[in-house]
1. With labels modelled as points extended 7 Å from the Cα through the Cβ direction, what inter-label distance (nm, one decimal) is found for N838 paired with E166?
2. Please give the FRET efficiency for E130 paired with N593, using the beta carbon to beta carbon distance and R0 = 56 Å, rounded to the nearest 0.05.
3. How far apart, in nm, are two points set 7 Å out from the Cα along the Cα-to-Cβ line at E341 and at S252?
4. Provide the FRET efficiency to the nearest 0.05 for the R97-K289 pair, computing r from the beta carbons and using R0 = 41 Å.
5. Report, by chain and number, residues whose modeled amide H sits under 5 Å from the one on V624, excluding near sequence neighbours (fewer than 5 apart, same chain).
6. For the residue pair T788 and K87, what label-to-label distance in nm results when each label sits 7 Å from Cα along the Cα-to-beta-carbon direction?
7. Report the calculated FRET efficiency for T314 and E691 (r = Cβ-Cβ distance, R0 = 22 Å), to the nearest 0.05.
8. Just list whichever of K320/K726; K5/K157; K89/K279; K298/K672; K298/K546 have alpha carbons separated by over 29 Å in the model shown.
Amino acid sequence: MKSRKDEVLELLRSNPAEQTAQELADQMGIDRTNISRYLNELTKEGSVKKIDGRPVKFQSAAVSAEKHINFDNLIGREESLKSQIQKSKAAILYPPRGLHTIIFGETGTGKTMFAECMYRFAVAADVLDESAPFITFNCADYAQNPQLLYGHIFGVKRGAFTGAEETREGLMEKADGGILFLDEIHRLPPEGQEMLFTFIDKGTFRSLGDGKEKHASVQIIGATTETSSMFLSTFNRRIPMQIELPSLAERSLDERLGIIKEFLQQEANRLVQEIAIDKRSLLAFLLYKAEGNIGQLKRDLKLVCAKAFLHYQTSNDSEKLMIVEEDLPLVVQKGLLRINEVQDMLMPFLDKKNLYLTLKPGAEDVVWGQDPNKDMEVYNSITYKLEKLGRENLSEIDLEELISDDVDQYFETYVEELSHSNAYREIISDDLWKLVNDLYDFASAKMNREYDEKVRFAFALHINSTIERIRGNQFISHPNLNDIRRNYSKEFLLAIEFSNRIEEAYNIMIPLDEIGFITMFLTMDSHEEHKIDEKQVAILVIMHGKSTASSMLETVQELLGTTKGIAFNMPLTLDTEEMYAQIKNYLQGQRENFTEGIILLTDMGSPNNFGNLIYHEMGIRTRVISMASTMLVLESLRLATLGRSLEEIYTSVISMFQTMVRLEEPTPKDEKKVIIVACFTGEGVSKRLNEVVSQIVNLEEFEVIQMQSLERESFKHRIDQLITHKDIVAIVGTMEIHYQKIPFIPAMNLFKREKILEFQDLLGSKITLPEMVDSLTKNFSPELDVKTLFLVIDDALQTIRKDQELIIENTALQALSVHIAFLIDKIKKAEERPPFENVKYFHQQNRLCFNQTAASLSLLEKQFSVRFTEDDIAYIVKTLEDNRVELGLHSV
C-alpha cells in the first residue's frame, strides 16, 4: 500500500506543471499542513523541486539518465588508468574465483570507486550474478579492538563475550558469492591480518565463540594509502595482485577537465538547473594543488556550486548558476599563479571565443554507487536558511559554516554608522519618534544615564523594522540571550517595560529574543569616542628582475621627496608561489599599516593574481595595476601621500593611463543601468526605499538592487564585483557613501519633490537628445531646425516639471517631446489635428495645470511662429497627468 507521501510524488510526476501546496491538497482531499510536510520531505530527498515565489510552488524533479560508473566510462581508461584496468580485469577473470587484490593510492584517488568498477566488471563478465553482494567495510572503525573487528568480519555467536546477547552474521557471510571490500586495510593490526590467512588459504572461517567451520566464496579487495611494507610478508604473499592508482597531480589536464565536467553535470542534473563556470575559474580548478586528490576536487566543486546556488536563489535576474572567480576557495584561486608555468599545456583550454563552460541538465549522468556528494543536503540547508533569515539577510550567511552571528560587532557598527546621518527621520513616523524619545527620557531618569540622538535614531530604526518583522510573522533569535539577562539585569527589566509600551502602541506581541536586542540598545555608551588614525593607502611595487622594482620606486621616492612605498624584486629564478609567500609574510607582520588598502603595481604575469589572494586570505582590500611604468608608480604614490582613498587612486590612475594598463577580455555590461539601495540591515528600510525608487524610474531601463551597508568593507567589495558587469549610476542610502565616483543620493531626497526631479535628471535616459535629433531629422519639414526644435521643447517640458513639481518618467517625457515636435510640424504644414473630446470640461477640471502648461508652451509658439489650440494643449496636459508618478509613501 502506498504512503501518502508516495501519492503526493506520484501526483506531481503525473502532472509536470508547477503546483502549490493548496492545489495539491484540494486534489487529494487532505489537509494542506500535511501536504506541506510531505513536500518538504520530498524536497530534502531531491525528488521534488521547490520554486520560490508567492505562493511557493513545487514540481517533480527531473530524473536524470544515471548510469553507474564502470571501466567503460571511467575517466582515464585509455591513459593513466589503462594498465590498472587491465590488471584488475585479469584479477577478476583468474580461475577459479579470481585473485584477491589490494589497491594502493593516496587519499582521494578513487580507490573505492575503482573497487566498485571491478565488481561491475565481474557482473558484466558473468563471473558474478547480478544479485551478488558488494560489501564495503572500513577497517579503521575497529582497528583498536581486535575482538570487535573479528566479530564484525566473521560474525559472533551468542555468549561469545559479555554483551553478545544474540548470534550475529558477519560481513564474510553477507559477502558470500560476491566481493568484500576492506578500505584502509592497513589499519588492521597483525592479529587482524592473520584472521584472514585461513580464509584466504582454505575458504573457511569461524565466527567468534563458535568452533564450527563455515564456508564462503568471497573475493577480497583491499585499499590502502600506505606501502606494502606496512603489511606482514605472509599477508603480501597471499594477496598477489597489487594495483597502484595515480594521484590527481600525476593525471593529465584532459582527465582533470573530464572529472570537473562530469561532477558539474551531476550537479546540473540534481538541481535541474543550468550551471556555467567562467574561464578563469575553470583554469584555477585545473591547476590548483588538490592535496586530497579527486576527493578534495569534488568537495571544492561542491562548495562553489553551493555558493552559485545561493546567488541564484537570491538574485532576480539569474537564469543559471554562475561559478565565478571571487567565489572560489582561496586554495583553488592559487591555481591561477601557475598559469605561466604550464602555458603550453593550457593552449587547448584557452579558446578566446568561449568565456564559459556550460552544463545543461538532462545530459547523461555517470555516478558512483556510493558517491558521498550525491545528496542534496547542502542545497536544502541553503534554502532553509534563506527562508528562515529572509531574502535580504544574505550577508548573514557563511557557506563555510552556513551561518554565524556576531551580535556585539553588529550593534557597535550599527550605531556608529547611524551617527553620521539623520536621513532616517524621513522614514520614521512622528508617532514612533515621539514614543522612542519618551522611552529614552524615562530610561535616562531610571538609569541615571544620558542617551544621545544617534542612539535614539538607531533604536527607532530597529523598532521600525521589528514591528514590520513581527507583523509579517518573521522572528529572529538572540544567540546570547541568557548572557544578556545575567550581565545586564537592570537593563533587561527596563527593556521589558519598553516592550510593554511598544506592544500597547502597535498592538503586537514582542517575543523574549527581541527584548534581548532592546536590552543591548540600553547598554550602549554613546559618549565613547573612537579615535581613528589617519593612515594612507600603501603602494607596493612588484617587478620581475633582480632590482627593477626597487630602482623604479627609488626614482619615484626621490622625485616626490618621500620614503613611502614598498618594493619587491622578483628574480626570474624565484618561484611565483615563493614570491607570494614572502609578500604575505611581510603584510601579516605589519597588518596594522594596511587598513586603508593596497595599490599593487606589477609588470606582468602571475603577480597580477596576488591582489585577489591578499584580499581573500588576509582581508586587505587590494587593487592591482599591471603593465606599471615609472609614471604609473609616480602618480599612485603621489595620490597616496595626499591621503586619497584606495578607489580614488585606482580610478584616477586607470583613467589617466588606461592605454598602459593590461585589460583582460572585457566583460559586456548589462543593458540595464543599476541603482543601489543601501541601508544597514537590508530589511525594512531598504524595502521602503526600493518601493520609492521603483515608482520614480522606468524598471525596463533601470535595475534596483538592495544591499546591506553595515559592514562597509563587504559593501565596497560587493560594489567592486557588480561594477565589472553592471553600469551603476547611483547609490541611494540612509548614510553618506562615496565610492567608485558613483553619485550618492541621500534617502531624504526621495521624500522631497524638488529633489526627486534632480534625481531623475541625474539618471538621464537611454536616448539622448542628439540621438533623437539624428534619428528623426529626415521626418520633418526641411525649413525646421530640428535640433533647435527639440532643445526648446526640452526647455519647455523641464519648466513644466519644475513649476508643477511633476514627477514623471524620462521615457514619458521623451515620448511627449516627439509628440510636440510632430505637432509643430503639422501646424507649420497646416495639416488637420484630431479634436479632444469634451475639451471644455477637461480644461475646467484641470485649469491650473492647463494654464501653467499653456504658459510654458508660449515660448515654442513665439520661437516657431505657431499657435496651439485648446485641443492641442489638452492632449499634452492629459499625457502629463496620465504619466504623473504619485508616491505612496507611508511609515509605521
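1. Simple spin-label model gives 8.8 nm for this pair.
2. So, using R0 = 56 Å, E works out to roughly 0.25.
3. Simple spin-label model gives 2.1 nm for this pair.
4. Calculated value: 0.50.
5. For V624, the qualifying residues are L600.
6. Going from the T788 label point to the K87 one covers 9.3 nm.
7. That gives a FRET efficiency of 0.70.
8. Over 29 Å Cα-Cα: K5/K157; K89/K279; K298/K672; K298/K546.
Read the figures in this text as sums done on the coordinates, not as results from a lab. Fair warning: this is a prediction, and the values are worked out from it, not measured in the lab. No Cβ is skipped: glycine too gets one built from the backbone with ideal geometry, and neighbour counts run over all protein chains shown.
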